[in-house]
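Trainee: One structure is given below, represented as structure tokens, and several questions about it will come after.
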Amino acid sequence: MAAVRPGLGRIVPGSSVLFLCDMQEKFRHSVAYFPQIVSVAARMLKVARLLAVPALLTEQYPQGLGPTVPELGAEGLRPVPKTCFSMVPALREELDARPQLRSVLLCGIEAQACILNTTLDLLDRGLQVHVVVDACSSRSQVDRLVALSRMRQSGAFLSTSEGLILQLVEDAAHPQFKEVQKVIKEPAPDSGLLGLVQGQNPLFR
């Protein structure tokens with residue numbers, strides 16, 4: 001696989017994959033904006049299916065933390081169990097089997113743990129990482145904020161779900177555009193991001 005360095009950050013369906021990280025029952029009442037995060041990730045999954053973008057799903061220690069929540073709509077995906085605070089070791093075979101892969105779209109929890117470490121591992125493999133900021137959260141908003149800043153410092157792209165969806169579909173003439181449009185017709189739910197990044201926040205200058 002040829003190494004790809006972060007550049008413009010363009011994404012196309014044929015060389016992208018969607019990662020869905022650890023959106024499980026035991027996190028439902030502890031992670032900030034959990035319902036909103038899952039709702040946005042579900043939008044990403046619907047569009048990925050419409051555009052034939054592969055999706056990979058992990059669960060952190062499912063014996064203790066429970067299954068993936070049903071509202072993600074991940075039926076048909078085989079959850080890969082893990083204990084590592086990165087998705088990459090558990091999904092290494094899947095990654096190795098995709099030599100055309102250039103970009104990973106990353107959703108899930110927690111930002112300062114599995115999302116950050118997955119990002120660093122993917123960047124280390126020469127892949128572009130697009131963190132779906134309205135589909136990632138933590139128990140602590142401070143951890144979430146600093147993790148997003150840390151990922152950006154390391155070379156990941158921070159994007160909203162709608163921005164990434166429109167990059168993927170690219171053109172209103174796309175044969176799936178009307179179906180995609182139905183998915184994004186309603187704005188993504190508020191996941192508390194505006195309060196983190198507005199004003200003179202030095203982490204996002």
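Trainee: What number of residues within segment 152-183 are open to solvent by less than 50 Å² (accessible area, probe 1.4 Å), of a type outside the set (Ser, Thr, Tyr) and under 17 Å from LEU18 (Cα atoms)?
Mentor: Here the count works out to 9.
Yes or no, residue by residue, for (1) touching a residue at least 12 places away in the same chain (Cβ under 8 Å); (2) more than 18 Å from LEU193 (Cβ to Cβ); (3) of a type in the set (Phe, Trp, Tyr):
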site: VAL17; (1), (2), (3): yes, yes, no
site: GLN36; (1), (2), (3): yes, no, no
site: VAL40; (1), (2), (3): yes, no, no
site: ARG49; (1), (2), (3): no, yes, no
site: GLY64; (1), (2), (3): yes, yes, no
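Trainee: Residue check: is VAL53 within 15 Å of the chain's Cα centre (by Cα), closer than 21 Å to GLN100 by Cβ and either in contact (Cβ under 8 Å) with a residue 60 or more places away in the chain or in a strand (DSSP E or B) (or both)?
Mentor: yes
Trainee: Would you point out which residue out of SER154, SER137 is among the hydroxyl-bearing types (Ser, Thr, Tyr), more than 27 Å from ILE184 (Cβ to Cβ) and at pLDDT 95 or above?
Mentor: Being among the hydroxyl-bearing types (Ser, Thr, Tyr), more than 27 Å from ILE184 (Cβ to Cβ) and at pLDDT 95 or above holds for just one of SER154, SER137, which is SER154.
Trainee: Of the conditions (1) surrounded by 14 or more Cβ atoms within 10 Å (Cβ to Cβ); (2) modelled with pLDDT under 95, ASP143 clears all except one; give me its number.
Mentor: Every condition holds for ASP143 apart from (2).
Trainee: Separate question: Listed residues LEU105, LEU120; which is at pLDDT 95 or above and buried (at least 21 other Cβ atoms within 10 Å of the Cβ)?
Mentor: LEU105
The values are calculated or read from the model by the stated rules, or taken from the named source; none is laboratory data. Small disclaimer: the values here were computed from a predicted structure and weren't measured. Neighbour counts are summed over all protein chains in view; Cβ atoms, including those assigned to glycine, are modelled from backbone coordinates with ideal geometry. Remember, those area values only see protein heavy atoms, side chains included, never the ligands or the DNA or RNA. Shrake-Rupley method; radii C 1.70, N 1.55, O 1.52, S 1.80 Å.
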